[in-house]
Amino acid sequence: MQERERVVIAGLIVLMLVLGLGFFVHRSPRFAGSLAGGVLGVSGALLMVTPLAYALVKRVGPVKSAVTRKVSLRTLLAWHVYTGIVGPILGLLHTGHKFQSPLGMLLTGTMLIVVLTGFVGRYLLNRCSQEIREQRETLSRLQTQYDAAVLELGQHAEPALAFATQGLLARLLAGLFLPSTAIAGVGGVTAAQAVRLAEAIADVEYSIKMHDVFQAAFNRWLKWHIGFSVVLYLLLGIHVWSGLYYGLRWFHP
């Protein structure tokens, strides 16, 4: 998600949350059954169904091959995100800030959860993946510098430098185990510089491990998002069915 898109999406989510707070200050019991309320409801429902297209294209091989010849997955993902937020915004407007049934409350609550879990999972997972890539590049660069420093200091210094990566106390004691020739420096590389490289490598490796833990958590978060989405579509289907069963009151002026 590009920075500009992220700002726009964040703004839409703030708008959705502000509209949600309207339940505490505003009531319009008849708006959902009016022409304007009905148009908002139908439009919101259609937009909320649209994100299914991205899921279908992404997971069904033949469909993916046929569609991506003309439309990229990135474009479909953008439509998935925008319609997945604008649809609930129209749905909130459609309610008129008035709950008349447990189904309406469940549908509205699930709708908000789906949007929030989708945004948080999408944004944080993308950010986490980017940071892991940057950390791995940093680790590779530090490892190359460390190997070069070990060669210059001599193989006898390597055990002490490796010992320096084991923790804070080990880092403090590492200098005691380095030979005097290494402390004085060999070929312009000092033991202190090598130890600092070992410390940096240990820190970056720990950071990568933590990012892996967060990424695994965000992957589970996305599974929750998919689960709530399934519940949302079930509730939306029941809501539409009940509207058709009890009569299309929405389009009465």
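Results, tabulated for the structure shown:
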| item | result |
| --- | --- |
| Looking only at region 231-253, and only at residues there that are loosely packed, with under 12 Cβ neighbours inside 10 Å and either closer than 25 Å to Asn126 by Cα or hydrophobic (A, V, I, L, M, F, W, C) (or both), the one that is modelled with the highest pLDDT | Trp241 |
| Helices (runs of 4 or more DSSP H) wholly inside region 29-141 that include at least 1 residues being in contact with a His (Cβ under 8 Å, 6 or more places away or on another chain) and small (Gly, Ala, Ser) | 35-49, 52-59 |
| Val120 being over 18 Å from Trp224 (Cα atoms), surrounded by fewer than 19 Cβ atoms within 10 Å (Cβ to Cβ) and of a type outside the set (Gly, Ala, Ser) | no |
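Residues checked against (1) closer than 21 Å to Arg122 by Cβ; (2) modelled with pLDDT under 85; (3) in contact with a Leu (Cβ under 7 Å, 6 or more places away or on another chain):
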position	(1), (2), (3)
Val8	yes, no, no
Val14	yes, no, no
Leu21	no, yes, no
Val25	no, yes, no
Phe31	no, yes, no
Leu40	no, no, yes
Thr50	yes, no, no
Leu73	yes, yes, no
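The values are calculated or read from the model by the stated rules, or taken from the named source; none is laboratory data. Computed from a prediction, not measured in an experiment: that's the story for all the values here. A quick note on method: Cβ atoms are made from the backbone with ideal geometry, for glycine too, and the neighbour counts reach across all protein chains shown.
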